[in-house]
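Asker: I'd like to ask you about the structure that follows.
The values are calculated or read from the model by the stated rules, or taken from the named source; none is laboratory data. Because the structure is predicted, anything quoted here is derived from the model rather than measured. FYI the Cβ positions are ideal-geometry reconstructions off the backbone, even for glycines, and counts take in every protein chain you see.
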Amino acid sequence: MTKPYFKFSTGEVVKKPGDDNWDICFEHAQLKINGGTMGNPVRTGNAKAIIVHTAYQNIKDIPNLSDLKQDDGRTDFALGYRSGGKTWYYMDENNFYMPYPEKTMFIQTADQKGFVKLQILSFYRDMPKLKGESYESISTRAGFFTFRYQYIEKGQRFH
């Protein structure tokens with residue numbers, strides 16, 4: 001499975017990631033931003049991010065930019081590493097990745113021209129009814145992110 005790179009200002013999956021032409025990379029359940037010193041992928045942009053403990057629809061203003069982080073070190077991801085309350089998802093009793101409904105990601109784009117509020121809605125293709133499913137039966141549907149986001153430029157507000 002290839003890892004998709006996404007640019008929020010254009011809403012496109014980037015075919016050849018480089019420089020600041022991508023903002024976020026989806027690698028299995030790990031979200032990687034294009035900013036920081038971490039490798040794999042090489043980050044050449046200046047994206048910064050934070051998880052805000054506020055419902056998506058309640059975010060109207062840009063949070064304090066001094067709180068934003070980049071991906072640094074080996075496991076210090078701006079948008080959290082693995083589950084356990086520090087990232088966008090938790091593992092339910094069947095080991096399914098479930099998004100926290102009250103967590104929203106806030107990102108300053110790699111080119112520093114815009115801001116994004118992002119909510120992960122599902123990690124599974126066609127979000128199946130998980131009741132009665134097993135980890136094995138749903139594994140072929142994993143890694144298909146469904147998300148919503150709003151991109152704004154400096155001086156604008158989210159709606």
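Asker: Can you say whether residue 101 is in contact with a strand residue (DSSP E or B) (Cβ under 6 Å, 6 or more places away or on another chain), assigned to a loop (DSSP other than H, G, I, E, B) and on the phi < 0 side of the Ramachandran plot, as far as the supplied structure shows?
Answerer: no
Asker: Looking only at residues that are in a loop (DSSP other than H, G, I, E, B) and among the aliphatic types (A, V, I, L, M) in region 105-159, which one is nearest to residue 13 (Cα to Cα)?
Answerer: 110
Asker: Right, another one. Could you grab the pairs with beta carbons closer than 7 Å, sequence gap of 6+ or different chains, first residue in region 62-78 and in contact (Cβ under 8 Å) with a residue 24 or more places away in the chain and in a loop (DSSP other than H, G, I, E, B), second one surrounded by 11 or more Cβ atoms within 10 Å (Cβ to Cβ) and of a type in the set (Phe, Trp, Tyr)?
Answerer: 62/115; 63/106
Asker: Six or more apart or on different chains, Cβ under 9 Å: which pairs go from a residue in region 126-141 that's within 10 Å of residue 96 (Cβ to Cβ) to one that's assigned to a helix (DSSP H, G or I) and modelled with pLDDT under 75? Could you list them?
Answerer: none
Asker: So, in region 116-137, how many residues would count as being hydrophobic (A, V, I, L, M, F, W, C), farther than 20 Å from residue 58 by Cα and in contact with a strand residue (DSSP E or B) (Cβ under 6 Å, 6 or more places away or on another chain)?
Answerer: Of the residues in that region, 1 qualify.
Asker: Name the residues in region 20-42 that are in a loop (DSSP other than H, G, I, E, B), touching a residue at least 60 places away in the same chain (Cβ under 8 Å) and either crowded, with 16+ Cβ neighbours inside 10 Å or among the charged types (D, E, K, R) (or both), would you?
Answerer: Hits for region 20-42 are 20, 21, 22, 23, 29, 34.
Asker: For residues that are within 28 Å of residue 125 (Cβ to Cβ) and touching an Asp or Glu at 6+ places or on another chain (Cβ under 8 Å), scanning just region 65-101, find the one that is surrounded by the fewest Cβ atoms within 10 Å (Cβ to Cβ).
Answerer: Only one residue fits best here, namely 94.
Asker: Another question, if that's okay. Only one of 120, 62 is under 23 Å from residue 22 (Cβ atoms), touching a Lys or Arg at 6+ places or on another chain (Cβ under 9 Å), modelled with pLDDT of 90 or more and crowded, with 18+ Cβ neighbours inside 10 Å. Can you tell me which?
Answerer: So the residue among 120, 62 that is under 23 Å from residue 22 (Cβ atoms), touching a Lys or Arg at 6+ places or on another chain (Cβ under 9 Å), modelled with pLDDT of 90 or more and crowded, with 18+ Cβ neighbours inside 10 Å is 120.
Asker: Name the single residue that is surrounded by the most Cβ atoms within 10 Å (Cβ to Cβ) among those in region 43-59 being in a loop (DSSP other than H, G, I, E, B) and of a type outside the set (Gly, Ala, Ser).
Answerer: This residue is 43.
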